[in-house]
Amino acid sequence: MKLRNLSTVAIAAAFALFAFAPTAAHAQFAAPPLAASTVPAADLIQPADLNKLLSGPAAARPLILQVGSKLMFDQAHIPGSEYIGAGSQPDGLNALTTRVKTLAKNKFIALYCGCCPWGRCPNVGNAYKALRDQGFTNVKVVYMANNFGADWVTPGYPVAH
C-alpha cells in the first residue's frame, strides 16, 4: 500500500512539473516573484504622504501606476492612477516597460498594489526592480501594510471607480 501511495505522489509531482513548466510567455520571468520587502525603505512612500502630494501642485505629483489586480483597480483606485497589470506576471511587466519607455529616467513614479498584506505582496517587488533595472531613479512604492482598503480607503483618502 505504501508503494502505491508513493507512485501516486510521484505521478502527481510529475504532472505538476509538466503542467506548470515555464512556457515561452514565462521565459522572461524565470525567478519567483520578488517580495515587497526587497524594496529599500528609502524608496517607500506612506499613503498619507502620497495623499498630500495628490492635493499639491501638479508638477509635484508622481505618475501613479497600479501593479496589482485589475478587479481591485476597477472597484476602487487612487485618483489619477493607471492600471498596468500584475507586477508578478510577464504581461504586467511588459506593459510597465511599454508605459514608461518614453519617460525621462528621473520621472517621479509611484507604484502600488494593495492586494494583500505587504509581506505577501507578489507584485511591487518585481515592478520596482524592473523600473530600477531600466535606469529609473525616482521610483517610490506606496507602503500598504495591510491592503488598499485598510491603508487607503479606510483612512478616507480619495478613490476613483
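The values are calculated or read from the model by the stated rules, or taken from the named source; none is laboratory data. This structure is a prediction, so every number in the text was calculated from the model and none was measured. As a convention, Cβ positions derive from the backbone with ideal geometry for all residues, glycine included, and neighbour counts pool all protein chains shown.
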Item to check | So LEU96, is it at pLDDT 95 or above, assigned to a helix (DSSP H, G or I), under 13 Å from LEU111 (Cβ atoms) and touching a Pro at 6+ places or on another chain (Cβ under 9 Å) | outcome: no
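Only one of ALA110, ALA127, ALA86 is under 17 Å from the mean Cα position of the chain (by Cα) and either modelled with pLDDT under 95 or part of a loop (DSSP other than H, G, I, E, B) (or both); which?
ALA86
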Checklist entry - Picking from PHE136, PHE73, PHE148, which residue would you name as being closer than 19 Å to ALA42 by Cα, modelled with pLDDT of 95 or more and of a type outside the set (Val, Ile, Thr)? => result PHE136
Next on the checklist: Just to verify a result, which residue in the range 58-78, among those that are loosely packed, with under 13 Cβ neighbours inside 10 Å and within 16 Å of the chain's Cα centre (by Cα), is farthest from PRO122 (Cα to Cα)?
Outcome noted: ASP74
Next on the checklist: For the condition touching a residue at least 12 places away in the same chain (Cβ under 8 Å), of a type outside the set (Asp, Glu), buried (at least 23 other Cβ atoms within 10 Å of the Cβ) and at positive phi, what is the one hit in GLY114, GLY87?
Outcome noted: GLY114
Next on the checklist: For the range 67-91, give me the residue count where each residue is under 20 Å from PRO32 (Cα atoms) and touching a Phe, Trp or Tyr at 6+ places or on another chain (Cβ under 6 Å).
Outcome noted: 1
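Run down SER55, SER81 and say which single residue is among the polar types (S, T, N, Q), under 24 Å from THR154 (Cα atoms), modelled with pLDDT under 95 and over 9 Å from the mean Cα position of the chain (by Cα). First the steps, then the outcome.
Values: SER81 fails: modelled with pLDDT under 95.
None of the others qualify; the one that does is SER55.
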Checklist entry - Can you find even one residue in the range 68-83 that is closer than 17 Å to ARG132 by Cα and in contact with a strand residue (DSSP E or B) (Cβ under 7 Å, 6 or more places away or on another chain)? => result no
